[in-house]
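Enquirer: Attaching a single structure in C-alpha coordinates format; questions to follow.
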Amino acid sequence: MSHPRSRKSSTASGRRRPRQAPVQRPQTESQCLTLEIDNLTSEGQGVARRGREVYFVPGALPGETADVVLDGRRKKVWHTRLRSITNPSPDRVEPECPHYAKCGGCDLQHLNYPAQVAAKQARVEREFQRQGIVAANWLPAITAEPWSYRRKARLGVRYSKAEERNYIGFRESASSHISDVDACPVLVKHPVLNWQAWREQIASLRNRDRISQIEVIAADNALALVLRLLKPLQPEDQQSLCQFIEQLVCENDLPVQLWLKSDQGEQCIYPSSEPDTLWHRVSDMRLNMALSDFIQVNSAVNQAMVEQALEWLQPGAEDCIWDLFAGHGNFSMPLAQRSQQVIAVEVQDSMVNSVIAQAENLALPLLGKKADLSQPQSLASLPQPHAVLLDPPRAGAFEVMAELIKRQVERIVYVSCDVATLARDLAQLNEAGYQVIKAGIMDMFPQTHHVETMVLLQRESNKHG
(Lines give C-alpha, C1' and ligand atoms only; values in the text may rest on other atoms or scores of the structure.)
Protein backbone atom coordinates (compact mmCIF):
# COMPACT_ATOMS: atom_id res chain seq x y z
CA MET A 1 0.00 0.00 0.00
CA SER A 2 10.83 1.47 -3.56
CA HIS A 3 16.88 2.62 -7.20
CA PRO A 4 18.13 4.34 -3.87
CA ARG A 5 14.84 3.81 -5.46
CA SER A 6 12.85 5.67 -2.87
CA ARG A 7 9.47 4.74 -4.19
CA LYS A 8 6.07 4.03 -2.70
CA SER A 9 7.10 2.19 0.40
CA SER A 10 9.51 4.71 1.85
CA THR A 11 7.44 5.07 5.04
CA ALA A 12 5.50 2.61 7.14
CA SER A 13 2.25 3.57 5.47
CA GLY A 14 3.69 3.64 1.98
CA ARG A 15 3.16 7.40 1.66
CA ARG A 16 5.76 10.07 1.12
CA ARG A 17 5.29 13.08 3.42
CA PRO A 18 6.83 16.28 2.07
CA ARG A 19 7.80 19.07 4.42
CA GLN A 20 4.70 21.15 5.12
CA ALA A 21 4.50 24.89 4.51
CA PRO A 22 3.66 27.14 7.48
CA VAL A 23 0.02 26.79 8.51
CA GLN A 24 -2.34 29.76 8.72
CA ARG A 25 -4.97 28.90 11.31
CA PRO A 26 -8.62 29.95 10.89
CA GLN A 27 -9.73 32.91 12.97
CA THR A 28 -12.12 30.64 14.83
CA GLU A 29 -10.42 27.34 15.53
CA SER A 30 -13.68 25.36 15.19
CA GLN A 31 -15.02 27.29 12.19
CA CYS A 32 -17.43 25.08 10.21
CA LEU A 33 -18.44 25.32 6.55
CA THR A 34 -20.72 23.53 4.13
CA LEU A 35 -18.96 22.95 0.80
CA GLU A 36 -19.89 21.56 -2.62
CA ILE A 37 -17.22 19.13 -3.85
CA ASP A 38 -16.44 19.42 -7.56
CA ASN A 39 -13.24 17.44 -8.11
CA LEU A 40 -10.48 15.31 -6.63
CA THR A 41 -6.87 16.33 -5.99
CA SER A 42 -3.98 14.21 -7.21
CA GLU A 43 -3.90 12.70 -3.71
CA GLY A 44 -7.59 11.73 -3.84
CA GLN A 45 -8.96 14.51 -1.60
CA GLY A 46 -12.18 16.32 -2.46
CA VAL A 47 -11.85 19.86 -3.85
CA ALA A 48 -14.32 22.71 -3.18
CA ARG A 49 -14.22 26.36 -4.23
CA ARG A 50 -15.80 29.55 -2.89
CA GLY A 51 -14.81 32.56 -4.90
CA ARG A 52 -11.03 32.56 -4.92
CA GLU A 53 -10.75 30.25 -1.91
CA VAL A 54 -9.91 26.58 -2.45
CA TYR A 55 -10.63 23.85 0.10
CA PHE A 56 -9.26 20.29 0.28
CA VAL A 57 -11.58 17.78 1.95
CA PRO A 58 -10.16 14.29 2.66
CA GLY A 59 -12.82 11.61 2.31
CA ALA A 60 -15.21 13.66 0.14
CA LEU A 61 -16.17 12.86 -3.47
CA PRO A 62 -17.26 14.99 -6.45
CA GLY A 63 -20.95 15.91 -6.36
CA GLU A 64 -21.23 15.61 -2.58
CA THR A 65 -22.10 18.32 -0.05
CA ALA A 66 -19.66 18.19 2.83
CA ASP A 67 -19.83 19.72 6.29
CA VAL A 68 -16.25 20.42 7.33
CA VAL A 69 -14.11 22.02 10.02
CA LEU A 70 -11.30 24.29 8.88
CA ASP A 71 -7.89 22.92 9.80
CA GLY A 72 -5.52 25.64 8.60
CA ARG A 73 -4.34 27.23 5.36
CA ARG A 74 -1.17 26.23 3.51
CA LYS A 75 0.02 27.52 0.12
CA LYS A 76 -3.25 29.41 -0.45
CA VAL A 77 -5.35 26.27 0.14
CA TRP A 78 -7.61 25.62 3.11
CA HIS A 79 -7.27 22.14 4.60
CA THR A 80 -10.28 20.71 6.38
CA ARG A 81 -11.60 17.80 8.42
CA LEU A 82 -14.75 16.10 7.18
CA ARG A 83 -17.67 16.02 9.63
CA SER A 84 -20.50 14.64 7.49
CA ILE A 85 -21.84 14.12 3.96
CA THR A 86 -25.44 15.07 3.23
CA ASN A 87 -25.86 13.72 -0.34
CA PRO A 88 -23.48 10.77 -0.86
CA SER A 89 -22.09 10.15 -4.32
CA PRO A 90 -23.40 7.03 -6.12
CA ASP A 91 -19.73 6.01 -6.31
CA ARG A 92 -19.32 6.03 -2.51
CA VAL A 93 -18.91 2.64 -0.82
CA GLU A 94 -18.37 1.50 2.74
CA PRO A 95 -14.60 1.01 3.30
CA GLU A 96 -13.70 -2.64 3.72
CA CYS A 97 -11.02 -2.01 6.32
CA PRO A 98 -12.19 -1.22 9.88
CA HIS A 99 -9.00 0.84 10.39
CA TYR A 100 -9.51 3.03 7.31
CA ALA A 101 -10.64 6.14 9.20
CA LYS A 102 -7.30 6.38 11.05
CA CYS A 103 -4.74 4.38 9.09
CA GLY A 104 -2.71 6.35 6.56
CA GLY A 105 -1.99 3.42 4.24
CA CYS A 106 -5.01 3.81 1.92
CA ASP A 107 -6.95 6.90 0.88
CA LEU A 108 -9.56 5.77 -1.68
CA GLN A 109 -11.40 2.88 -0.03
CA HIS A 110 -14.55 5.02 0.14
CA LEU A 111 -14.65 5.16 -3.70
CA ASN A 112 -15.82 2.13 -5.68
CA TYR A 113 -13.10 0.45 -7.69
CA PRO A 114 -14.16 1.35 -11.26
CA ALA A 115 -14.42 4.98 -10.15
CA GLN A 116 -10.93 4.79 -8.61
CA VAL A 117 -9.49 3.69 -11.95
CA ALA A 118 -11.44 6.39 -13.82
CA ALA A 119 -10.17 9.07 -11.41
CA LYS A 120 -6.57 7.97 -11.94
CA GLN A 121 -7.02 7.99 -15.71
CA ALA A 122 -8.45 11.51 -15.52
CA ARG A 123 -5.53 12.63 -13.34
CA VAL A 124 -2.95 11.40 -15.86
CA GLU A 125 -4.76 13.01 -18.79
CA ARG A 126 -4.98 16.27 -16.81
CA GLU A 127 -1.22 16.31 -16.17
CA PHE A 128 -0.55 15.58 -19.85
CA GLN A 129 -2.78 18.48 -20.90
CA ARG A 130 -0.92 20.86 -18.57
CA GLN A 131 2.31 20.08 -20.41
CA GLY A 132 0.71 20.04 -23.87
CA ILE A 133 1.24 16.28 -24.28
CA VAL A 134 -1.13 14.53 -26.71
CA ALA A 135 -1.40 10.73 -26.67
CA ALA A 136 -2.47 9.30 -30.04
CA ASN A 137 -3.96 6.20 -28.45
CA TRP A 138 -5.05 5.51 -24.86
CA LEU A 139 -5.16 1.81 -24.05
CA PRO A 140 -7.45 0.27 -21.39
CA ALA A 141 -6.07 0.39 -17.88
CA ILE A 142 -4.19 -2.65 -16.59
CA THR A 143 -5.97 -3.81 -13.45
CA ALA A 144 -6.16 -6.93 -11.28
CA GLU A 145 -7.76 -7.99 -7.99
CA PRO A 146 -8.05 -4.77 -5.91
CA TRP A 147 -7.66 -6.55 -2.53
CA SER A 148 -4.97 -8.81 -1.03
CA TYR A 149 -2.53 -7.74 -3.72
CA ARG A 150 0.34 -6.10 -1.85
CA ARG A 151 3.34 -8.39 -1.49
CA LYS A 152 5.71 -5.96 0.19
CA ALA A 153 5.00 -3.54 3.05
CA ARG A 154 6.60 -2.17 6.19
CA LEU A 155 4.66 -1.84 9.43
CA GLY A 156 5.80 0.34 12.28
CA VAL A 157 6.24 -1.02 15.81
CA ARG A 158 6.32 1.37 18.75
CA TYR A 159 6.59 0.59 22.45
CA SER A 160 4.84 3.03 24.77
CA LYS A 161 6.53 2.96 28.15
CA ALA A 162 3.78 5.08 29.67
CA GLU A 163 1.06 2.67 28.52
CA GLU A 164 3.28 -0.43 28.74
CA ARG A 165 2.07 -1.68 25.36
CA ASN A 166 3.21 -2.06 21.77
CA TYR A 167 1.55 -0.52 18.74
CA ILE A 168 1.80 -2.32 15.38
CA GLY A 169 0.44 -0.78 12.21
CA PHE A 170 0.82 1.99 9.67
CA ARG A 171 1.29 5.67 10.28
CA GLU A 172 -1.82 7.78 10.41
CA SER A 173 -2.40 10.21 7.56
CA ALA A 174 -0.15 13.33 7.84
CA SER A 175 1.16 12.06 11.18
CA SER A 176 4.05 10.11 12.66
CA HIS A 177 1.72 8.32 15.09
CA ILE A 178 1.35 4.59 14.45
CA SER A 179 -2.25 3.42 14.19
CA ASP A 180 -2.87 -0.13 15.39
CA VAL A 181 -4.20 -2.60 12.82
CA ASP A 182 -5.36 -6.16 13.39
CA ALA A 183 -5.30 -7.13 9.70
CA CYS A 184 -4.71 -5.29 6.43
CA PRO A 185 -7.04 -6.16 3.52
CA VAL A 186 -4.62 -4.96 0.83
CA LEU A 187 -1.78 -7.20 2.05
CA VAL A 188 -1.46 -10.75 0.76
CA LYS A 189 -3.34 -13.25 2.89
CA HIS A 190 -1.41 -15.50 5.25
CA PRO A 191 -2.20 -16.68 8.82
CA VAL A 192 1.12 -15.31 10.09
CA LEU A 193 -0.01 -11.74 9.23
CA ASN A 194 -2.20 -11.50 12.33
CA TRP A 195 -1.12 -8.26 13.93
CA GLN A 196 -3.20 -8.65 17.09
CA ALA A 197 -1.37 -11.93 17.71
CA TRP A 198 1.93 -10.18 17.00
CA ARG A 199 1.14 -7.48 19.58
CA GLU A 200 0.50 -10.13 22.20
CA GLN A 201 3.66 -12.01 21.25
CA ILE A 202 5.90 -8.93 21.34
CA ALA A 203 4.37 -7.96 24.69
CA SER A 204 5.66 -11.26 26.10
CA LEU A 205 9.25 -10.64 25.06
CA ARG A 206 11.94 -9.56 27.47
CA ASN A 207 13.20 -7.00 24.91
CA ARG A 208 9.79 -5.84 23.72
CA ASP A 209 11.06 -2.28 23.18
CA ARG A 210 13.78 -3.25 20.66
CA ILE A 211 11.60 -3.97 17.61
CA SER A 212 10.93 -0.89 15.45
CA GLN A 213 9.47 -2.35 12.24
CA ILE A 214 8.08 -5.52 10.70
CA GLU A 215 8.63 -5.80 6.96
CA VAL A 216 6.53 -8.21 4.89
CA ILE A 217 8.04 -9.63 1.68
CA ALA A 218 5.88 -12.18 -0.13
CA ALA A 219 7.97 -13.96 -2.74
CA ASP A 220 6.51 -16.76 -4.87
CA ASN A 221 8.28 -19.46 -2.84
CA ALA A 222 8.17 -18.04 0.71
CA LEU A 223 6.88 -15.21 2.87
CA ALA A 224 9.71 -13.40 4.63
CA LEU A 225 9.19 -11.30 7.75
CA VAL A 226 12.03 -8.96 8.67
CA LEU A 227 12.10 -7.57 12.21
CA ARG A 228 14.15 -4.37 12.29
CA LEU A 229 15.82 -4.05 15.68
CA LEU A 230 17.16 -1.11 17.63
CA LYS A 231 19.37 -3.58 19.51
CA PRO A 232 19.87 -7.35 19.15
CA LEU A 233 17.34 -9.63 20.87
CA GLN A 234 18.24 -12.03 23.65
CA PRO A 235 18.37 -15.76 22.68
CA GLU A 236 15.24 -16.53 24.72
CA ASP A 237 13.29 -13.89 22.80
CA GLN A 238 14.48 -15.34 19.50
CA GLN A 239 13.36 -18.79 20.59
CA SER A 240 9.97 -17.43 21.65
CA LEU A 241 9.47 -15.80 18.23
CA CYS A 242 10.30 -19.05 16.43
CA GLN A 243 7.77 -20.94 18.54
CA PHE A 244 5.19 -18.25 17.80
CA ILE A 245 5.74 -18.61 14.02
CA GLU A 246 5.53 -22.41 14.33
CA GLN A 247 2.09 -22.13 15.95
CA LEU A 248 0.69 -19.88 13.20
CA VAL A 249 2.00 -21.67 10.12
CA CYS A 250 -0.03 -24.48 8.56
CA GLU A 251 1.31 -27.18 6.24
CA ASN A 252 -0.42 -25.88 3.09
CA ASP A 253 0.54 -22.24 3.62
CA LEU A 254 3.36 -20.45 1.85
CA PRO A 255 6.53 -21.25 3.85
CA VAL A 256 7.66 -18.54 6.28
CA GLN A 257 11.09 -17.10 6.94
CA LEU A 258 11.76 -14.91 10.00
CA TRP A 259 14.72 -12.55 9.75
CA LEU A 260 16.27 -10.20 12.30
CA LYS A 261 17.95 -7.05 11.00
CA SER A 262 20.10 -4.73 13.10
CA ASP A 263 23.33 -2.76 12.82
CA GLN A 264 25.08 -6.11 13.09
CA GLY A 265 23.50 -7.39 9.86
CA GLU A 266 20.75 -9.82 8.85
CA GLN A 267 20.07 -13.20 10.43
CA CYS A 268 17.42 -15.79 9.55
CA ILE A 269 16.22 -17.49 12.75
CA TYR A 270 13.30 -19.44 11.22
CA PRO A 271 13.44 -22.03 9.78
CA SER A 272 16.45 -23.47 11.59
CA SER A 273 17.81 -24.87 8.31
CA GLU A 274 19.36 -22.74 5.56
CA PRO A 275 16.54 -20.59 4.10
CA ASP A 276 15.67 -20.91 0.43
CA THR A 277 16.65 -18.01 -1.81
CA LEU A 278 13.58 -15.86 -2.39
CA TRP A 279 12.33 -15.58 -5.97
CA HIS A 280 9.38 -14.31 -7.95
CA ARG A 281 8.26 -15.11 -11.45
CA VAL A 282 8.43 -12.56 -14.28
CA SER A 283 7.68 -13.51 -17.88
CA ASP A 284 8.03 -17.25 -17.06
CA MET A 285 11.44 -16.73 -15.43
CA ARG A 286 12.42 -17.06 -11.80
CA LEU A 287 14.13 -13.89 -10.63
CA ASN A 288 15.98 -14.13 -7.34
CA MET A 289 15.40 -11.31 -4.88
CA ALA A 290 17.25 -10.10 -1.82
CA LEU A 291 15.38 -8.73 1.19
CA SER A 292 16.38 -5.18 0.29
CA ASP A 293 15.56 -5.39 -3.43
CA PHE A 294 12.95 -3.13 -4.92
CA ILE A 295 10.12 -5.14 -6.48
CA GLN A 296 6.77 -4.02 -7.79
CA VAL A 297 4.31 -4.76 -4.99
CA ASN A 298 1.47 -6.02 -7.21
CA SER A 299 2.51 -9.28 -8.86
CA ALA A 300 -0.44 -9.62 -11.26
CA VAL A 301 -0.22 -6.03 -12.52
CA ASN A 302 3.56 -6.32 -12.82
CA GLN A 303 3.25 -9.40 -15.03
CA ALA A 304 0.82 -7.60 -17.34
CA MET A 305 2.96 -4.44 -17.29
CA VAL A 306 6.10 -6.30 -18.39
CA GLU A 307 4.26 -8.05 -21.21
CA GLN A 308 2.79 -4.75 -22.43
CA ALA A 309 6.21 -3.08 -22.36
CA LEU A 310 7.68 -5.88 -24.48
CA GLU A 311 4.79 -5.67 -26.94
CA TRP A 312 5.17 -1.90 -27.28
CA LEU A 313 8.97 -1.83 -27.52
CA GLN A 314 9.15 -4.72 -30.03
CA PRO A 315 12.83 -5.49 -29.44
CA GLY A 316 14.51 -7.12 -32.40
CA ALA A 317 17.05 -9.93 -32.05
CA GLU A 318 19.87 -7.68 -33.28
CA ASP A 319 18.75 -4.51 -31.46
CA CYS A 320 20.76 -2.86 -28.71
CA ILE A 321 18.35 -2.11 -25.86
CA TRP A 322 19.00 0.11 -22.85
CA ASP A 323 17.07 -0.64 -19.66
CA LEU A 324 17.57 2.42 -17.45
CA PHE A 325 16.90 2.30 -13.68
CA ALA A 326 16.92 -1.47 -14.16
CA GLY A 327 16.56 -2.58 -10.53
CA HIS A 328 17.16 -6.31 -10.24
CA GLY A 329 16.04 -7.05 -13.80
CA ASN A 330 12.24 -6.85 -13.87
CA PHE A 331 12.36 -5.65 -17.50
CA SER A 332 15.97 -6.51 -18.37
CA MET A 333 15.62 -10.28 -18.18
CA PRO A 334 12.54 -10.53 -20.42
CA LEU A 335 14.19 -8.09 -22.86
CA ALA A 336 17.31 -10.26 -22.96
CA GLN A 337 15.18 -13.23 -24.02
CA ARG A 338 14.35 -11.30 -27.20
CA SER A 339 17.47 -9.27 -27.95
CA GLN A 340 21.15 -10.19 -28.09
CA GLN A 341 22.40 -6.92 -26.58
CA VAL A 342 20.61 -5.59 -23.50
CA ILE A 343 22.38 -3.11 -21.22
CA ALA A 344 20.87 -2.80 -17.75
CA VAL A 345 21.85 0.46 -16.03
CA GLU A 346 21.45 0.95 -12.27
CA VAL A 347 23.19 3.05 -9.62
CA GLN A 348 23.28 0.57 -6.71
CA ASP A 349 26.13 -1.94 -6.63
CA SER A 350 23.89 -4.62 -5.13
CA MET A 351 21.34 -4.23 -7.92
CA VAL A 352 24.00 -4.28 -10.67
CA ASN A 353 25.54 -7.40 -9.15
CA SER A 354 22.10 -8.98 -8.91
CA VAL A 355 21.37 -8.29 -12.58
CA ILE A 356 24.71 -9.77 -13.64
CA ALA A 357 24.22 -12.88 -11.49
CA GLN A 358 20.64 -13.35 -12.73
CA ALA A 359 21.74 -13.09 -16.36
CA GLU A 360 24.54 -15.62 -15.85
CA ASN A 361 22.17 -18.01 -14.06
CA LEU A 362 19.60 -17.74 -16.88
CA ALA A 363 22.26 -17.75 -19.65
CA LEU A 364 20.98 -14.44 -21.03
CA PRO A 365 22.97 -11.92 -23.14
CA LEU A 366 22.84 -9.00 -20.73
CA LEU A 367 25.41 -6.45 -19.59
CA GLY A 368 25.03 -4.85 -16.15
CA LYS A 369 26.31 -1.29 -15.94
CA LYS A 370 26.66 0.92 -12.87
CA ALA A 371 25.90 4.59 -13.52
CA ASP A 372 24.40 7.52 -11.65
CA LEU A 373 21.60 8.56 -13.99
CA SER A 374 21.22 11.91 -12.26
CA GLN A 375 24.52 12.90 -13.94
CA PRO A 376 24.14 14.13 -17.54
CA GLN A 377 27.22 12.28 -18.90
CA SER A 378 26.46 8.94 -17.24
CA LEU A 379 25.40 7.25 -20.52
CA ALA A 380 27.94 8.80 -22.88
CA SER A 381 30.17 5.69 -23.07
CA LEU A 382 27.38 3.26 -23.98
CA PRO A 383 26.85 2.03 -27.56
CA GLN A 384 24.03 3.52 -29.64
CA PRO A 385 20.66 2.00 -28.66
CA HIS A 386 17.85 1.10 -31.06
CA ALA A 387 15.33 1.37 -28.22
CA VAL A 388 15.24 2.42 -24.59
CA LEU A 389 13.06 1.36 -21.66
CA LEU A 390 13.21 3.46 -18.51
CA ASP A 391 11.43 3.03 -15.17
CA PRO A 392 12.74 5.79 -12.89
CA PRO A 393 11.80 6.55 -9.26
CA ARG A 394 9.43 9.41 -8.39
CA ALA A 395 11.94 12.12 -9.29
CA GLY A 396 11.72 11.07 -12.92
CA ALA A 397 14.53 11.05 -15.48
CA PHE A 398 15.03 14.71 -16.36
CA GLU A 399 18.82 14.40 -16.70
CA VAL A 400 18.49 11.40 -19.04
CA MET A 401 16.29 13.15 -21.60
CA ALA A 402 19.12 15.16 -23.20
CA GLU A 403 21.12 12.00 -23.96
CA LEU A 404 18.10 10.24 -25.49
CA ILE A 405 17.41 13.27 -27.68
CA LYS A 406 21.08 13.56 -28.67
CA ARG A 407 21.15 9.87 -29.63
CA GLN A 408 17.89 10.21 -31.60
CA VAL A 409 16.66 6.93 -30.12
CA GLU A 410 14.00 5.39 -32.36
CA ARG A 411 11.63 3.98 -29.73
CA ILE A 412 11.24 4.77 -26.02
CA VAL A 413 8.99 3.11 -23.47
CA TYR A 414 8.74 5.22 -20.31
CA VAL A 415 7.21 3.62 -17.20
CA SER A 416 6.47 6.11 -14.43
CA CYS A 417 5.21 6.07 -10.85
CA ASP A 418 4.77 9.87 -10.75
CA VAL A 419 2.70 11.44 -13.50
CA ALA A 420 3.86 15.01 -12.79
CA THR A 421 7.54 14.21 -13.42
CA LEU A 422 6.55 11.98 -16.34
CA ALA A 423 4.67 14.84 -18.04
CA ARG A 424 7.63 17.15 -17.38
CA ASP A 425 10.04 14.73 -19.06
CA LEU A 426 7.67 14.03 -21.96
CA ALA A 427 7.53 17.77 -22.66
CA GLN A 428 11.29 17.69 -23.35
CA LEU A 429 10.94 14.75 -25.72
CA ASN A 430 7.89 16.26 -27.39
CA GLU A 431 9.75 19.49 -28.12
CA ALA A 432 12.55 17.44 -29.70
CA GLY A 433 10.16 15.75 -32.13
CA TYR A 434 9.01 12.69 -30.22
CA GLN A 435 5.32 11.77 -30.25
CA VAL A 436 3.38 9.72 -27.70
CA ILE A 437 2.04 6.86 -29.83
CA LYS A 438 0.43 4.90 -27.01
CA ALA A 439 -0.29 5.53 -23.34
CA GLY A 440 -2.03 3.68 -20.56
CA ILE A 441 -2.28 3.53 -16.79
CA MET A 442 -1.58 0.53 -14.58
CA ASP A 443 -3.29 0.31 -11.21
CA MET A 444 -0.41 -1.04 -9.17
CA PHE A 445 -1.86 0.33 -5.89
CA PRO A 446 -5.66 -0.14 -5.66
CA GLN A 447 -7.38 1.70 -2.78
CA THR A 448 -4.73 4.45 -2.94
CA HIS A 449 -4.26 7.52 -5.16
CA HIS A 450 -0.98 6.22 -6.59
CA VAL A 451 -0.90 5.38 -10.30
CA GLU A 452 1.66 3.94 -12.72
CA THR A 453 1.72 5.09 -16.35
CA MET A 454 3.35 3.68 -19.47
CA VAL A 455 3.95 5.58 -22.71
CA LEU A 456 5.46 4.62 -26.04
CA LEU A 457 7.30 7.39 -27.88
CA GLN A 458 8.72 7.50 -31.38
CA ARG A 459 10.61 10.19 -33.24
CA GLU A 460 8.42 11.92 -35.81
CA SER A 461 10.41 10.56 -38.75
CA ASN A 462 9.99 6.97 -37.48
CA LYS A 463 6.31 7.12 -36.53
CA HIS A 464 4.26 4.27 -37.99
CA GLY A 465 0.88 5.70 -36.98
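The values are calculated or read from the model by the stated rules, or taken from the named source; none is laboratory data. Nothing here was measured: the structure is a model prediction, and the numbers come from that model. All Cβ positions, even for glycine, are placed from backbone atoms using ideal geometry, and neighbour counts span all protein chains on display. When the accessible area is computed, the model is the full protein with side chains, heavy atoms only, and any ligands, DNA or RNA have been set aside. Shrake-Rupley method; radii C 1.70, N 1.55, O 1.52, S 1.80 Å.
Enquirer: Towards the positive end of the charge dipole of the stretch 113-173, with charges on Cβ (+1 Lys, Arg; -1 Asp, Glu), say which of Ala135, Val117, Ile168 has the farthest Cα.
Expert: After comparing all options, I get Ile168.
Enquirer: If a/c stays under 1.5 just call it rounded; otherwise compare a/b with b/c (prolate if a/b is bigger, oblate if not). Do that for the chain, with a ≥ b ≥ c from the square roots of the Cα gyration tensor eigenvalues. Mind showing how you got there, number by number?
Expert: Working: a/c = 1.98, a/b = 1.08, b/c = 1.83.
Because a/c hits 1.5 or more and a/b fails to exceed b/c, the chain counts as oblate.
Enquirer: How much length is gained if the chain between Glu307 and Trp138 is pulled fully straight, taking 0.36 nm per residue apart and subtracting their Cα-Cα distance, in nm to one decimal?
Expert: Numbers: separation 169, 0.36 × 169 = 60.84 nm, distance 1.69 nm.
Result for the pair: 59.2 nm of gain on full extension.
Enquirer: Ranked highest first by average number of other Cβ atoms within 10 Å, how do 62-70, 246-254, 156-164, 32-40 line up?
Expert: 62-70, 32-40, 156-164, 246-254
Enquirer: Could I ask something else about it? Starting from the Cα-Cα distance between Ala183 and Asp38, subtract it from 0.36 nm times their residue separation and give me the gain in nm to one decimal.
Expert: Details: separation 145, 0.36 × 145 = 52.20 nm, distance 3.36 nm.
Gain on stretching Ala183 to Asp38: 48.8 nm.
Enquirer: Additional query: With charges set only on the Cβ (+1 for Lys and Arg, -1 for Asp and Glu), what does the dipole of the chain come to about its Cα centre, in debye to the nearest 20?
Expert: 1600 debye
Enquirer: Continuing with this model, one more query. Say R0 is 41 Å: what FRET efficiency, to the nearest 0.05, do Ala357 and Glu145 get from their beta-carbon distance? Could the numbers behind the result be given before it?
Expert: Working: r = 32 Å, r/R0 = 0.78.
For Ala357 and Glu145, the calculated efficiency is 0.80.
Enquirer: Can I ask one more? With a 10 Å radius around each residue's Cβ, average the other Cβ atoms per peptide and rank 280-289, 215-224, highest first. Spell out each step's value before the answer.
Expert: Details: 280-289: 18.5, 215-224: 20.0.
With the highest mean Cβ count within 10 Å placed first, the list reads 215-224, 280-289.
Enquirer: Per DSSP H run of n ≥ 4, the term is -39500 (n - 2.57); total these for the chain, divide by its residue number, and report the mean residue ellipticity at 222 nm rounded to 500 deg cm²/dmol.
Expert: -6500 deg cm²/dmol
Enquirer: I've got another one for you. Say the dipole of the chain comes from +1 at the beta carbon of Lys and Arg and -1 at that of Asp and Glu; which of Ala219, Leu389, Val436 then lies farthest toward its positive end?
Expert: Highest projection toward the positive end goes to Val436.
Enquirer: Below 20 Å, Cα to Cα, which aspartates and glutamates can Lys76 reach? Residues fewer than 8 away in the same chain don't count.
Expert: Glu29, Glu36, Asp38, Glu43, Glu53
Enquirer: Determine the dipole magnitude for the stretch 279-327: charges of +1 sit on the beta-carbon of Lys and Arg, -1 on that of Asp and Glu, nothing else is charged, the reference point is the Cα centre, and the result goes in debye to the nearest 20. Before the final figure, lay out the partial values.
Expert: On the way: 2 positive and 7 negative charges, 56 e Å.
Dipole of the stretch 279-327, to the nearest 20 debye: 260 debye.
Enquirer: Still on this structure: When the accessible area of the chain is computed with all protein chains present and a 1.4 Å probe, what percentage of it is carbon and sulfur?
Expert: The value for the chain is 47 percent carbon and sulfur by accessible area.
Enquirer: Find how much the distance from Ala203 to Ser240 grows on full extension, using 0.36 nm per residue of separation minus their present alpha carbon separation; answer in nm with one decimal.
Expert: Values: separation 37, 0.36 × 37 = 13.32 nm, distance 1.14 nm.
Taking 0.36 nm per residue and subtracting the Cα distance, the gain is 12.2 nm.
Enquirer: So what's the net charge close to Ala60: Lys and Arg +1, Asp and Glu -1, counting the other residues with Cβ under 14 Å from its Cβ?
Expert: -4
Enquirer: So which of Lys120/Lys438; Lys231/Lys261; Lys120/Lys406 end up more than 21 Å apart by C-alpha? Present the calculation step by step, with values, prior to reporting the outcome.
Expert: On the way: Lys120/Lys438 17 Å; Lys231/Lys261 9 Å; Lys120/Lys406 33 Å.
Beyond 21 Å between Cα atoms: Lys120/Lys406.
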